[in-house]
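Input: a single structure, listed below in structure tokens.
Since every read-out is calculated from the coordinates, none of them should be taken as a lab result. Keep in mind that this is a model prediction, so the values were computed, not measured. Backbone-built Cβ (ideal geometry, glycine too); neighbour counts: all protein chains shown.
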Amino acid sequence: MPPSSASRHLREDERIHIADRVREKAPIRQIARELGRAPSTVSREVRRNRHPTNGRYRPHAAQARADARRPRPKPSKIGQTPELRAYIQEHLYKRWSPEQVVRSLRRSFPEQAEMHVCHETIYQALYVQGRGELRRELARALRTGRTMRKPRRLAQQRRPRYSAPMLMISERPAEADDRAVPGHWEGDCIIGKNQASAIGTRVERTTRYVLLVHLPIDRSAERMRDALVETMATLPAHLKRSLTWDQGSEMGRHHEFSLAADMPVYFCNPASPWQRGSNENTNGLLRQYFPKGTDLSVHGRDRLNAVAAELNSRPRKTLDWDTPAERLAMLLAATN
């Protein structure tokens, strides 16, 4: 038989040829060479379409199954399953990411294949025009709030502005780098409209537990020092090993904070936000609650605590789909 055309799908005459040669006990590789196909293609075709009783390859049944699979566009699982669609929409409204929703579905419905989708299926249902499986306004509940996909933007560069000597991130203990020991934190600020308001953010590197710092007036070095000392006072000593920050002006009193909290502060290199990766990710999550260009001073301490609690109750991929609150609770229980 001559080699097949460029089509990636097996034709019916090819399947008949495979059936004839299998009956003759020809090797799979020889059949593949005769068809101009990959051996894996032929092997998979024979394995999928054997008779369940006698094990014989069935070319006409195989062709019928292939024809049934081929029509486009295929009906969407989200569009066909109201329960699945409702579950996805409910959790997107809670600002869960599509991947968090997917993992939760697999945990909540382990034996129901119709309730399992991949996260790309959810993104397609949100972004692809004309599909209509999910409400378009749900795209604004995603972390980026975008209704169309766009490339990531570069982060802003920062420069050092301190008179007191700094400890650089290269001097930070190795135990902080590999996240093996809890108590090492990363911090930063998210900035409000016209640079006039801010919220301090901190995330623990091992558990990804989030704490928000209330800055009702401004983010001056003195106010940031006092707010950080107050917040850190709520933590046990073994969870106060270090704090890593960028070189923003709000940390101009870092040496005074270190003395008051008994906690060293390490600084990232200029234009290196990836050195505080957990905190950068957290700041992105927080922009769902505190959009850019808004006045952040209107949010009181109770609101900040509520947002932090919601973030800490979300399942995280990096924690094997545990929540930061669960991981922190396990650490505290083990210590006690």
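Quick notes on this structure:
- Dipole of the chain [Lys/Arg +1, Asp/Glu -1 at C-beta], most positive-end residue of THR231, LEU332, HIS60: HIS60
- Residue with peak Gaussian network fluctuation, the chain [Cα springs, cutoff 10 Å], from ASN194, ASN312, ASN279: ASN194
- All other residues whose Cβ lies under 12 angstrom from that of GLU175 are scored, Lys and Arg at +1 and Asp and Glu at -1, for a net of +2.
- Total charge dipole magnitude, the stretch 57-130, about the Cα centre, Cβ charges on Lys, Arg, Asp, Glu only, Debye to nearest 20: 220 debye
- Residue exposure proxy: ASP302, ASP246, ordered by other Cβ atoms within 10 angstrom of their Cβ from fewest to most, comes out as ASP302, ASP246.
- GNM flexibility winner over the chain from GLY187, GLY200, GLY277 (Cα, springs under 10 Å): GLY277
- Sites PHE109 and MET330, calculated FRET efficiency, Cβ-Cβ separation with R0 35 Å, nearest 0.05: 0.85
- By the helix-only formula, in which each DSSP H run with n ≥ 4 contributes -39500 (n - 2.57) and the sum is divided by residues, the chain has a 222 nm mean residue ellipticity of -11500 deg cm²/dmol.
- With the charge dipole of the chain set up from +1 on Lys and Arg Cβ and -1 on Asp and Glu Cβ about the Cα centre, the Cα lying farthest toward the positive end among the listed residues THR201, LEU10, LEU142 is that of LEU10.
- Gyration tensor (alpha-carbon) shape descriptor, the stretch 204-319, a/c threshold 1.5: rounded
- Mean Cβ count within 10 Å, highest first, over the residues of peptides 40-52, 162-174: 40-52, 162-174
- Magnitude of the charge dipole for the stretch 167-335, about its Cα centre and with charges confined to Cβ atoms of Lys, Arg (+1) and Asp, Glu (-1), is about 340 debye.
- Size of electric dipole in the chain: Cβ of Lys, Arg +1 and of Asp, Glu -1, about Cα centre, debye, nearest 20: 1900 debye
- Residue with peak Gaussian network fluctuation, the chain [Cα springs, cutoff 10 Å], from LEU138, LEU35, LEU285: LEU35
- Residue exposure proxy: CYS118, CYS189, ordered by other Cβ atoms within 10 angstrom of their Cβ from fewest to most, comes out as CYS118, CYS189.
- Only one item in (i) 18.1; (ii) 21.8; (iii) 24.3 matches mean projected area of the Cα convex hull in nm² derived from the coordinates shown, and that item is (iii).
- Residues of type aspartates and glutamates that LYS193 reaches as a straight line, Cα spacing below 14 Å, ignoring anything fewer than 8 places off in the same chain: ASP218, ASP295
- Separation between Cα centres of the stretch 55-130 and the stretch 282-301, rounded to whole Å: 34 Å
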